[in-house]
Amino acid sequence: MTAPESEPAVKPPGPSGIRDEEALTLLRDGRLDVAGRLVEATNMTLYCSVKLGSRTAACVYKPVRGERPLWDFPDGTLAAREVAAFEVSQATGWRIVPPTVYRDGPFGPGMCQLWIDTEREVDLMRLVKSRNPVVRRMAVFDAVVNNADRKGGHLLPLPTGHVYGVDHGVCFSAEDKLRTVLWQWRGKPLAREAVAVLAKLERDIESGALGRRLRELLTLAEVEATWQRVRRLLDTGVHPYPSEGWPAIPWPPI
């Protein structure tokens with residue numbers, strides 16, 4: 001079966017007018033000041049400002065000490081998984097995850113991610129159900145990182161048409177845990193662009209810088225399972241189907 005044509009590229013501008021490289025330096029080295037807490041989040045999620053020289057930006061800081069224990073993920077690992085998701089996002093070239101670093105902060109080490117101001121007029125339910133090619137890339141990304149919690153509220157649409165994804169703490173399990181609201185492409189042939197990106201990811205995880213970085217953030221079994229998921233996508237050539245042994249959709253879905 002012939003794969004569909006490549007999805008049209010959407011070049012997202014740097015959020016908050018900051019290039020990714022500048023944002024990473026700011027997040028890593030800037031002074032972090034807590035402004036408040038996002039109380040709807042399951043784990044401790046703090047809204048902060050980060051300042052370095054004359055540059056200031058808003059960010060989200062999730063300290064490891066504020067992570068709730070989970071039965072299916074090792075304690076104290078969620079922040080590193082968020083950073084690993086960013087590393088995979090950067091390797092794809094799709095910029096799905098906002099700039100994210102692991103750093104020390106007022107409540108100890110944790111994940112620090114650039115805050116994204118979204119397009120408030122977008123209907124999230126319609127976006128979730130759409131055939132938007134940018135969202136389709138996210139579906140492929142989620143299959144790679146084994147995202148166990150892709151809710152509609154984790155999609156951050158921008159006025160430019162780009163869509164960021166956030167909250168990747170429960171990714172990269174060595175067991176199949178893909179749980180998402182983005183099943184509209186299940187069983188459909190992967191786009192040619194996605195196949196090319198996956199082929200590059202396979203090489204980068206097996207013997208490149210991405211693999212070395214993931215081994216710093218995840219267990220060896222989790223890195224191997226990530227490579228196997230990429231290999232499986234390339235072998236089948238289609239978007240995955242839901243697992244029969246795991247809930248297909250997170251709750252609540254939005």
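The values are calculated or read from the model by the stated rules, or taken from the named source; none is laboratory data. Only a predicted model underlies this, so the values are computations on that prediction, with no experimental measurement involved. Ideal geometry is used to build each Cβ from the backbone, glycine not excepted, and the neighbour counts take in all protein chains shown. In case anyone asks, the SASA skips ligands and DNA or RNA and just uses the protein heavy atoms, side chains included. Shrake-Rupley method; radii C 1.70, N 1.55, O 1.52, S 1.80 Å.
Specify the longest stretch of the chain that does not include any exposed loop site, a site being one of the GluC sites (Glu not before Pro) with a non-H, G, I, E, B DSSP assignment and at most 14 other Cβ atoms within 10 Å. It works out to 41-118. Seen through its C-alpha gyration tensor, with square-root eigenvalues sorted a ≥ b ≥ c, region 167-249 comes out oblate because a/c lies at 1.5 or above while a/b is not bigger than b/c. Rolling a 1.4 Å probe over the protein heavy atoms gives the chain an accessible area of 48 Å² per residue.
If you take the Cα centroid of region 74-112 and the Cα centroid of region 125-172, the two points sit 16 Å apart.
Counting only protein heavy atoms and a probe of 1.4 Å, the accessible surface of region 59-151 is 50% carbon and sulfur.
Expressed as a fraction of 2.2 N^0.38 Å, the value expected for a compact globular protein of N residues, the C-alpha radius of gyration of region 76-128 is 1.38.
Region 141-200: D in µm²/s via Stokes-Einstein (Kirkwood Rh, Cα pairs, 25 °C, 0.890 mPa s)? Approximately 190 µm²/s, per Stokes-Einstein. The antiparallel fraction among DSSP beta bridges confined to the chain stands at about 95%.
When the Kirkwood radius is taken over all Cα pairs of region 112-171, what Stokes-Einstein diffusion coefficient follows at 4 °C and 1.567 mPa s, in µm²/s? Before the final figure, lay out each step's value.
On the way: Rh = 12.0 Å.
Using the Kirkwood radius from Cα pairs, D works out to 108 µm²/s.
Taking every C-alpha pair closer than 8 Å and separated by at least 6 residues, the mean separation divided by the residue count of the chain gives a relative contact order of 20 percent.
Using the Cα gyration tensor of region 68-187, with a ≥ b ≥ c the square roots of its eigenvalues, what is the shape: rounded (a/c below 1.5), prolate (a/b larger than b/c) or oblate (neither)? In terms of gyration-tensor shape, oblate. Multiplying each eigenvalue of the alpha-carbon gyration tensor of region 112-254 by 5 and taking the square root yields semi-axes of 24, 17, 16 Å, largest first, rounded to whole angstroms.
The relative contact order of region 123-184 comes to 42 percent, based on Cα pairs under 8 Å that sit 6 or more residues apart.
Just in region 119-169: which trypsin sites (Lys or Arg not before Pro) are loop by DSSP and have at most 13 other Cβ atoms within 10 Å?
Hits after loop and neighbour filter: R120, R131.
The angle separating the long axis of helix 192-207 from the principal Cα axis of greatest extent in the chain is about 70 degrees. Secondary-structure-derived ellipticity at 222 nm for the chain, considering helices only, amounts to -10500 deg cm²/dmol, per-run term -39500 (n - 2.57) for DSSP H runs with n ≥ 4.
So if I place +1 on the C-beta of Lys and Arg and -1 on the C-beta of Asp and Glu, and nothing else carries charge, what would the dipole magnitude of the chain be about its Cα centre? I want it in debye, nearest 20.
In debye, rounded to 20, the chain gives about 320.
Within the set K51/K200; K51/K151; K62/K151, which residue pairs have Cα atoms separated by over 26 Å? K51/K200; K51/K151, as the Cα separations exceed 26 Å there. In a DSSP loop and with at most 16 other Cβ atoms within 10 Å, the chymotrypsin sites (Phe, Trp or Tyr not before Pro) in region 100-158 are F107. Give the angle, between 0 and 90 degrees and rounded to the nearest 10, that separates the Cα long axis of helix 20-29 from the longest principal axis of the Cα atoms of the chain. The answer is roughly 40 degrees. From the coordinates of this entry, Rg and Dmax of the Cα atoms in Å is computed, and it appears in (i) 17.8, 63; (ii) 25.8, 91; (iii) 17.4, 55 under the label (iii).
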